[in-house]
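Written below as C-alpha cells is the structure these notes are about.
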Amino acid sequence: MEFPEQPRAVYNRNPLSEVVCQLRFPRLFLLDRQVPAEFQSALGREFPVVDSREEFRLSFSEGSQNPTPTTRRLIYDFSTTDDEFTVSLCSDFLAIKTYKYVRWERFQSVLNLAMKALLSNYEVVHFKRIGLRYVNIIDRDELGLKDETWSNLLRTRALGLLADQDIPINDVTEQATTTVIKLNEGKVAVRTGLSFVNNEEKPQFIVDSDFFFEEQVEGAEDAIRILGSYNRAAGNVFRWFITDRLHNHLEPTDP
C-alpha cells in the first residue's frame, strides 16, 4: 500500500527531531585496517570535524553467561562545524544524520557527496539494505497547544486508548505501537506513542517512520531513486497522522 498523496509542505515550526539515512553493503575489510583518508578528502572542507568510535558485536557461548566480543568495527564520523550533518563510515555501512533537517534537497546534496566519496574510493559491489528514517516529535507545550487534547491534533484511530475519554491522560505512563507496512518498494515501520522527556510528566507524541528496502540495489542511481520515493512517502505518512488543526498550527509553507 501507499499512504494518500499530499501536497508537499515545509513547516516553519518544524517537528522533525532527527533524520537518518543508512546504506549497508558487503563488508570491506580494508576499512577495518586503514583510516579513510581519501574518503575524508572527497568530502571536502564542509566536514572538518572527525571522530572515531569502536563497535563490538557480542556472542554468548553455550553454558556461559559472559558475552565474548566476536567482531570489532571502527566507525568514523565526519561532521560539519555547526553539527548540521554527520556522515558516518564503517566497513559495512554509510550513514547520513541530521538533527537540523529543513528540506530534502539539502539532505540529498550531502547524500550525493557521501555516496560519491564512497564509490570513488572503495569497490562497493552493491547495497544490500537502504533505509531512511524520519522522527517527528509533537510537543504541545512548545507549540503553545498545552490545553489541546491529543485527539484534536492527531488521527483518533492512531491514538488507541489515548483517544478514549474514560482513560485519564495523566494516568498514562507509557503508550507505543509499531506497525510494519508493505510498500510498492520495501516496507515502512511506523512507531508512534507517548514519550516522557527526562522522566518529566510532560508527554510528547512521537511519529517515527522508518523506511527500508532489503533487496540488492545496484549503484547509486537506483538507491537515490528509492530514497527519494521514501522522502515523499514520509511526508504523506506524517500528514496522515496529524489533523488539519495541527497541520495549520505548524505553519506550512510551499517548498
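Numbers below:
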item	result
Phi to ³J(HN,Hα) by Karplus 6.51 cos²θ - 1.76 cosθ + 1.60 over the range 120-131, Hz, x for Gly, Pro	7, 10, 9, 8, 8, 6, 5, 9, 9, 7, 10, x
Only Lys, Arg (+1) and Asp, Glu (-1) charged, at Cβ; the chain dipole about Cα centre in debye	540
Point-to-point label distance, Ser151-Val50, nm (Cα→Cβ direction, 7 Å offset)	5.7
Given (i) 18.2; (ii) 28.5; (iii) 20.3, the label whose value is Kirkwood radius over Cα pairs in Å derived from this model	(iii)
Qualifying lysines (Cα of each under 17 Å from Cα of Lys202; at least 8 residues distant if same chain)	Lys146
Length-normalised contact order for the chain - Cα pairs under 8 Å, 6+ apart - percent	27
Amide H within-cut-off set for Thr243, under 5 Å, with H built and near neighbours excluded	Leu154, Arg155
Qualifying GluC sites (Glu not before Pro) for the range 3-46 [loop in DSSP, other Cβ within 10 Å: at most 16]	Glu5, Glu46
Electrostatic dipole magnitude of the range 106-184 [Cβ: Lys, Arg +1; Asp, Glu -1; Cα centre; debye, to 20]	800
Total formal charge among the other residues, if their Cβ is under 14 angstrom from that of Arg225, Lys/Arg +1 and Asp/Glu -1	-4
Distance-filtered residues of the range 145-167 - backbone nitrogen under 18 Å, label point 7 angstrom along Phe196 Cα→Cβ	150, 161-163, 167
Helix-only CD estimate at 222 nm, as mean residue ellipticity for the chain, using -39500 (n - 2.57) per DSSP H run (n ≥ 4)	-7500 deg cm²/dmol
Cα→Cβ-extended label distance, 7 Å offset, between Leu143 and Gln6, nm	1.1
Candidate lysines - alpha carbon under 16 Å from Lys128, same-chain residues fewer than 8 apart omitted	Lys187
HN-Hα J in Hz across the range 92-105 - Karplus 6.51, -1.76, 1.60, θ = phi - 60°, x for Gly and Pro	9, 7, 10, 9, 10, 9, 9, 9, 10, 5, 10, 8, 4, 4
Other-chain or far-sequence residues with amide H under 5 Å of Lys100's (modelled H)	none
Under Karplus coefficients 6.51, -1.76 and 1.60, residue-wise ³J(HN,Hα) of the range 247-252 in Hz, glycine/proline x	3, 5, 5, 6, 6, x
Rule-of-thumb Rg ratio for the range 91-169 [Cα; 2.2 N^0.38 Å; N residues]	1.74
Trypsin sites (Lys or Arg not before Pro) within the range 146-184, DSSP loop, no more than 12 other Cβ atoms inside 10 Å	Lys146
FRET efficiency estimate (nearest 0.05) - Cβ-Cβ, Asp254 to Lys187, R0 41 angstrom	0.85
Long-range amide H partners of Ser91 with built H, under 5 Å	Leu74
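Values quoted throughout were computed directly from the atomic coordinates according to the rules given, and no laboratory measurement underlies them. Owing to the predicted nature of the structure, the values given are computational and were not obtained by experimental measurement. Every residue, glycine among them, receives a Cβ derived from its backbone with ideal geometry; neighbour counts consider all protein chains shown.
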